[in-house]
Structures are given as C-alpha cells and as structure tokens.
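Step one of this worksheet: look at the structure below.
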Amino acid sequence: MARDLLRHRDGHHARVGFVELFFDLVFVFAITQVSHTLLEHLSWLGALQAAMLLGALWWAWIDTSWITNWLDPDRPLVRLMLFGLMAAGLVLSTSLPEAFGERGLVFASAFVTIQVGRGLFTLWAVRDDAVLRTNFQRIVAWAVVGGAFWIGGGLADGQMRLLIWLVALALEFAGPMTAFWCPGLGRAHTRDWNVEGAHLAERVGLFVIICLGESIIITGATFADLAWTTLTVSAFVSAFLGAIAMWWLYFSAKHDQASNVIAGSDDPGAIARRAYTYAPIPLVAGVVVTAVGDEMVLAHPAGHIDPAVAWVLLGGPALFLAGTAVAIFAVWKHWSRPRLAGLLALGGLTFAVPISTPLALSAASTAVLLAVGAWETCTPRRANPT
C-alpha cells in the first residue's frame, strides 16, 4: 500500500539511509564535471553556464532529499525509484561538459526524467494522503511546465538555448518560493510540509561534504602531478587549510542547533525552505569556485593575477561566507557578525591584487576563513547564536 512507503514519524531523528548515500555518489562525479567545465571556460559566459548547470544539479538533488524526508528509503519500491534517478543522474553528469553543445538534449532529457519521474512516483506513493496528494499534484504540474522549457532549450542552439534554460531554471527556483501555486489548486501551505529537521540538515550537510570532497580530490590529483617545490607545497597547504576552514564554518555548533530550531517550530516547512533549499546554493557554489581557484594556484602559484583569477580566488570564499551567513539568518533572523566581517576582509583583499601572486591571495583568503572560524569558536555561545 502507498501508506507503507511513507516514513513512520516517532519523534526521533530519521536517519539517513545507506541508499541515500549511494544516491549521492552520482553527484560527486557531477560536481567534478561542473568545476572542470568552469576551469576550461573561465569567462563571464562560462561562469554563467557553470552556474546554471550547478543550479540544475542542486534542484535535482535537493528535491530528492525532500522526497526521502517523506518516503522511507528502506522500502524496496522507494529504493528502485532512487536507483532509477541515479541512472538518469549519471547520464545527466556525463552530458554536463557538452550541455551547451552537442549533448544539450541529452542533458535536458535526463533532468526532466529526474524531476517529472520522481514527482509522479511520489504522487502515486502519497495518493492516500489528501494533503500530500494535492501538494504533489502542484509539484508535478510545475515539473511538467519546467520540463517543456528544458526540452525546448535542448532542441535550440547557441544563445537561444541559454535564454530558454534561464527561464527553465527560474521556474525551478520559483516553485518552492511561490508554494507551487497552480490554477484550480491554489498554493501549498508550508505548515503542510511536515519535515524532519535533523534528517534534512544531515542531507544538506552531506552534500556540502560531497563538494568539499571534490575540492580535496582536485587538490590532491593536481598536486600529485606537480614537482614538489616550496611554492607548490605552500599552495597545497593553503588549499587544504581552506577546505578545513569551510568544513569548520559549516559544521559548527549552529549546524546542530538549526535542527533543534526546526523541530521546535510551528512552521518547520518554512524554515526548511529558507535554510536548506535556498540558502545553501551560494555556499555550494563557493566551494566549487574555491576548488577551481585551488587548482589554478597549484598550477601557477607565482604567476600573474588577471581579473578572472582574482574573481575566482576571492569570489569562491566570499560566496561560501555569504551563503553560510544567509543560512544562519534564515534560521535565527540574525546576521553573523564574524561572517559579515569576513566578507568585508575579503573585499579589502581586492586592493592587494595588483601586488599579489595567486599563492599570496589564496593564503590570505584562507587566513580570513580561519580567522572567522576562530572568532566564532572563541565567542561564548548564546541561545540565539549570531
């Protein structure tokens, strides 16, 4: 029965299942594809395309994480659904480098298969729950409309594909924001989105780990192929410390406290939408951009810093800090002073670009992240951390 596919809520933490971790492996490869695409097309157009691809990956992943918050991944049918999504995700990942080229339709078809297929399965699975059934009718309707734009863009060429996919991606962003409003069905109420906060927090944390892991893989693989000089070793140390700093800042005490806030809220769906659906997007982008910068610094630690390199080296950490600051605000309605100060410090480093090397700028941005982490760690905790 469909009811048997739903998680049984007993007030305890709904653990992340092994099949969910297995599902995430597809996205390790996908994130690597995006970072390599950005590295090979380091321009404003390349950055926009990489951002769009990362956005599509994020919605494919986070929408699935919401689904497994409701459906029990230990049920065989739910597992089969996840395996099907993995297959489509692998096709999606392999098409990423040529998504704006000859494999545009493959990319679009795989993405639409994930979004529409998952929605239809869940609609069937919750058919006996009137509230969830109506909710997923709305979600499927949005996925179908968005899918038409994704397929249309895949059939188009050049700038027309870019424009059509921008509309399609905007629809992905607008769906949860508008509570999936549909003619005749109205809009959903976030109080109906009964989520288990600790599970969703853990899922998003695992995605951040995926991105940080991809950063470490790139750093290690690049360093292994280089001559180990003082400069390359220093660049390796800076990149590794940067990854540690980002882990430290994300998985601070606030990460666990956020789960408790959601659990005690009378509208957990609203907080989860802000804190775990939208807020992580810039910080995930920051990790990916920082990984690209680390690879550039390892290759040319003492080279010239052109504007594109400077934007990557400072923009990656800045995106990450901004994303974490927004996530904190989404839960507690307070801005983190240390993280805002870190953003100001990174902005101040732009004045040092003309006299810096890539290694020096990378080390300085890493020092800023470490300083923010130390500041927060040494600050006494309060009930509503800022």
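The values are calculated or read from the model by the stated rules, or taken from the named source; none is laboratory data. Quick caveat: nothing in here was measured; it's all calculated off a predicted structure. Positions of Cβ are generated from backbone atoms using ideal geometry, with glycine treated the same way; all protein chains shown enter the neighbour counts. These area figures cover heavy atoms from the full protein model, side chains too; ligands, DNA and RNA do not enter into them. Shrake-Rupley method; radii C 1.70, N 1.55, O 1.52, S 1.80 Å.
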How much length is gained if the chain between Phe83 and Met160 is pulled fully straight, taking 0.36 nm per residue apart and subtracting their Cα-Cα distance, in nm to one decimal? 24.4 nm
To the nearest 10 degrees, the tilt of helix 18-40 (Cα long axis) against the first principal axis of the alpha carbons of the chain is 40 degrees
Measure nothing but the geometry: give the 0 to 90° angle between the long axis through the Cα atoms of 197-224 and the longest principal axis through the Cα atoms of the chain, rounded to 10°. 40 degrees
Throw me the Rg/Rh for the range 212-312, computed over C-alpha atoms with Kirkwood Rh, two decimals. 1.13
What is the angle, in °, between the Cα long axis of helix 230-250 and the longest principal axis of the Cα atoms in the chain? Nearest 10 is fine, range 0 to 90. 40 degrees
Label point 7 Å beyond Cα of Leu90 along Cβ direction - residues of the range 97-111 with amide nitrogen under 17 Å: 107, 110-111
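Ala308 to Leu45: extension gain in nm, 0.36 nm per residue of separation minus the Cα-Cα distance?
Additional length available on full extension: 93.5 nm.
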Pick from Ala51, Ala291, Ala352: which residue has the top mean-square fluctuation in a GNM of the chain where Cα pairs under 10 Å get a spring? Ala352
Between Thr229 and Met177, what FRET efficiency comes out of the Förster formula 1/(1 + (r/R0)^6) with R0 = 56 Å and r the beta carbon distance, rounded to 0.05? 0.70
Accessible area expressed per residue, the chain, with surrounding protein chains retained (probe 1.4 Å, Å²): 43 Å²
Would you work out the charge dipole size for the range 77-185 about its Cα centre, treating the Cβ of every Lys and Arg as +1 and the Cβ of every Asp and Glu as -1, and quote it to the nearest 20 debye? 240 debye
What helix-only [θ] at 222 nm does the chain give? Using -39500 (n - 2.57) per DSSP H run of at least 4, over all residues, to the nearest 500, the answer is -25000 deg cm²/dmol
Go through the range 1-104 and name the GluC sites (Glu not before Pro) that are in a DSSP coil and have 15 or fewer other Cβ atoms within 10 Å of their Cβ. Glu102
Taking the convex hull of the alpha carbon atoms in the range 10-112, what volume per residue do you get, in Å³? 96 Å³
May I ask for the net charge around Val145, where only other residues with Cβ less than 13 Å from the Cβ of Val145 are counted and Lys, Arg are +1 while Asp, Glu are -1? 0
Which of Val326, Val288, Val309 moves most in a GNM of the chain, Cα contacts under 10 Å? Val309
